[in-house]
Every structure is written in structure tokens, then in C-alpha cells.
Amino acid sequence: MLRQLEGEGERFEIVVVDPPAFAKRRQGLPPLPAAERAYKDLNLRALRLLAPDGVLVSCSCSGKLTLERFGQVLQSAIEDAKRPVQILERRGAGRDHPGLAGLPETEYLKCWFLRAL
């Protein structure tokens, strides 16, 4: 669907990318590299659909994909989109869903707000 919209020249003020977890468990499928490629592709297409000053809300609930790695995947999509992007905000789980010390995978909820210029 994103490919079709992009091909039709559609542009939007806001695009929300909130897929199901692509990397659920250590033994889960797809493996982490495949999940990272899927996140990158989704975000790259979403960035291409944004109008100037449009906002991308990009989320991930994959525990295996750390906050740092999610940022790297988004940065790779931004570079491929070849447009300047501002990071407006980064969010995670609310106070009612705290992570556990020593278990970074419990901080699996990630949500970034980006503005494409």
C-alpha cells in the first residue's frame, strides 16, 4: 500500500508507522537483521510520503530491537530518503509499564516523532 501511494505521488501531513513486533523473541522469526530491514523499509517509504514539514510517528514494540538500534535503523532510512529530518521527541512506555533493571528488552516500547523538512 505504501509503495502504491508513493507511486501515485501522494503526500501526507502525518504518517504513523506502528507495525506488530517484527522481532519478538530470541528464537523468533524473522531474525533481527530481517526485522531491521523491514523497519527501515517501512520508515523509508513513510518518509517519502511526507509533505514538507510533515510528521512521521514511528513506533516499535520489538524487545530485541534496542532503543539505540531503532535509532540507527531510523537514521539509515532518513539517509536513504535524502531529506533533512528533525527529531521532535522520543517516547517509550508510560509510568504504568516500567522496564526492569538489568533487562533492557523490557523497555520494548519505542515511539519517535520526526519532522521531515
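Name the residues in region 57-94 that are within 20 Å of A116 (Cα to Cα), within 14 Å of the chain's Cα centre (by Cα) and basic (K, R), would you? R90, R91, listed by residue number. All of (1) touching a Leu at 6+ places or on another chain (Cβ under 7 Å); (2) of a type outside the set (A, V, I, L, M); (3) on the phi < 0 side of the Ramachandran plot hold for D53 with one exception: (3). Per the conditions (1) touching an Asp or Glu at 6+ places or on another chain (Cβ under 8 Å); (2) hydrophobic (A, V, I, L, M, F, W, C); (3) at pLDDT 95 or above, the sole criterion not satisfied by L67 is (3).
Each row is one residue, and each column tells you yes or no for (1) in a loop (DSSP other than H, G, I, E, B); (2) of a type in the set (V, I, T); (3) in contact with a helix residue (DSSP H, G or I) (Cβ under 9 Å, 6 or more places away or on another chain).
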residue	(1), (2), (3)
E10	yes, no, yes
I14	no, yes, no
D53	no, no, no
K64	yes, no, yes
R69	no, no, yes
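Within the option set R37, R48, R83, R95, being buried (at least 16 other Cβ atoms within 10 Å of the Cβ) and charged (D, E, K, R) holds for one residue only, R48.
From (1) free of Cβ contacts under 8 Å to residues at least 12 places away in the same chain; (2) over 11 Å from the mean Cα position of the chain (by Cα), pick out the condition that doesn't hold for H97. Every condition holds for H97 apart from (1). Here A21 clears all of (1) at pLDDT below 95; (2) surrounded by 13 or more Cβ atoms within 10 Å (Cβ to Cβ); (3) farther than 19 Å from T106 by Cα except the condition numbered (3).
Within the group A93, A46, A51, A101, which residue is aliphatic (A, V, I, L, M), over 13 Å from D18 (Cα atoms) and modelled with pLDDT of 95 or more? Before the answer, list the steps.
Values: A93 fails: modelled with pLDDT of 95 or more; A46 fails: over 13 Å from D18 (Cα atoms); A101 fails: modelled with pLDDT of 95 or more.
The conditions single out A51.
In region 24-39, the residues that are at pLDDT 85 or above form Cβ pairs under 9 Å with partners that are in a helix (DSSP H, G or I) and surrounded by fewer than 16 Cβ atoms within 10 Å (Cβ to Cβ), at six or more places apart or across chains, as follows: E36/Q72.
The values are calculated or read from the model by the stated rules, or taken from the named source; none is laboratory data. The model shown is predicted, which means the values in this text are computed figures rather than measured ones. No Cβ is skipped: glycine too gets one built from the backbone with ideal geometry, and neighbour counts run over all protein chains shown.
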